[in-house]
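Trainee: Sharing a structure here in structure tokens format.
Derivation of every value follows stated rules applied to the coordinates shown; laboratory data play no part. If you're wondering where the values come from, they're calculated on a predicted model, not measured in any experiment. Reconstructed Cβ throughout: ideal geometry from the backbone, glycine too, with neighbour counts over all protein chains shown.
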Amino acid sequence: MKFLVDTHAAFWLAIGSKKLGPRAQRKLRSAKPGDVATSDITLFELAVLEGRGRISFDRAFLRDLAQRLVVLPIDPEVASVAASVAMPQGDPFDRIIVATALHHGLTLVTKDEHISKSGLVPTIW
């Protein structure tokens with residue numbers, strides 16, 4: 001694996017949106033099968049966003065997304081890193097996503113400037 005996609009990046013990648021950053025688009029388009037992962041918390045966050053009406057997708061969307069990407073679990077190591085990582089904002093989803101990238105040594109695909117400016121993990125957009 002090489003890349004971990006943040007929640008917004010996973011959604012935009014799945015729907016083919018041009019909102020995905022140009023550098024991220026190039027890297028993800030040229031990635032080999034198995035090189036792109038997401039955290040399992042991303043699936044939950046997407047479901048929450050859909051439930052709140054902020055995004056829309058059909059019932060098969062999450063299952064299809066999980067089949068296209070490697071889904072990494074919140075294991076004890078990720079949980080431990082997430083509990084101790086100093087994030088500029090307290091968003092628990094972001095803490096777990098950053099901890100997942102750190103633990104697995106992945107570049108995080110994110111537009112989130114709080115994360116990219118923190119220098120905690122390599123990012124592309």
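Trainee: What number of residues within the stretch 82-112 are hydrophobic (A, V, I, L, M, F, W, C), touching a helix residue (DSSP H, G or I) at 6+ places or on another chain (Cβ under 8 Å) and touching a residue at least 60 places away in the same chain (Cβ under 8 Å)?
Mentor: 5
Trainee: Also, quick follow-up: Inside the stretch 21-39, can you point out the residues that are farther than 17 Å from F93 by Cβ, in contact with a helix residue (DSSP H, G or I) (Cβ under 9 Å, 6 or more places away or on another chain) and touching a residue at least 24 places away in the same chain (Cβ under 8 Å)?
Mentor: Hits for the stretch 21-39 are G21, A24, L28, D35, V36.
Trainee: Quick check on this structure: which one of S80, S56 is of a type in the set (S, T, N, Q), out of contact with any Asp or Glu (no Cβ under 9 Å at 6 or more places or on another chain) and surrounded by fewer than 19 Cβ atoms within 10 Å (Cβ to Cβ)? Show your work before the answer.
Mentor: Working: S56 fails: out of contact with any Asp or Glu (no Cβ under 9 Å at 6 or more places or on another chain).
So the residue among S80, S56 that is of a type in the set (S, T, N, Q), out of contact with any Asp or Glu (no Cβ under 9 Å at 6 or more places or on another chain) and surrounded by fewer than 19 Cβ atoms within 10 Å (Cβ to Cβ) is S80.
Trainee: Let me ask something else. Looking at (1) in a helix (DSSP H, G or I); (2) surrounded by 16 or more Cβ atoms within 10 Å (Cβ to Cβ), which one does A66 not meet, given that it meets all the others?
Mentor: Condition (2) is where A66 drops out.
Trainee: Which condition from (1) in contact (Cβ under 8 Å) with a residue 24 or more places away in the chain; (2) more than 11 Å from the chain's Cα centre (by Cα) is the one that S116 breaks?
Mentor: Only one criterion is unmet by S116, namely (1).
Trainee: On to the next question. Among the numbered criteria (1) outside any strand (DSSP E or B); (2) of a type in the set (A, V, I, L, M); (3) over 20 Å from K19 (Cβ atoms); (4) without any contact (Cβ under 8 Å) to a residue 40 or more places away in the chain, which single criterion is violated by V71?
Mentor: (1)
Trainee: Report, by residue number, each residue of the stretch 6-42 that is part of a loop (DSSP other than H, G, I, E, B), surrounded by fewer than 17 Cβ atoms within 10 Å (Cβ to Cβ) and at negative phi. Let's see the steps before the verdict.
Mentor: Taking the stretch 6-42 as the starting set, the residues that turn out to be part of a loop (DSSP other than H, G, I, E, B) are 6, 16-21, 31-35.
Checking the rest, the ones that are also surrounded by fewer than 17 Cβ atoms within 10 Å (Cβ to Cβ) come to 16-19, 31-35.
Within the stretch 6-42, S17, K18, K19, A31, K32, P33, D35 meet the criteria.
Trainee: Tell me which of these I55 doesn't satisfy, since it passes every other one: (1) assigned to a loop (DSSP other than H, G, I, E, B); (2) in contact with a Phe, Trp or Tyr (Cβ under 7 Å, 6 or more places away or on another chain); (3) under 21 Å from P122 (Cα atoms).
Mentor: Of the numbered conditions (1) assigned to a loop (DSSP other than H, G, I, E, B); (2) in contact with a Phe, Trp or Tyr (Cβ under 7 Å, 6 or more places away or on another chain); (3) under 21 Å from P122 (Cα atoms), the odd one out for I55 is (3).
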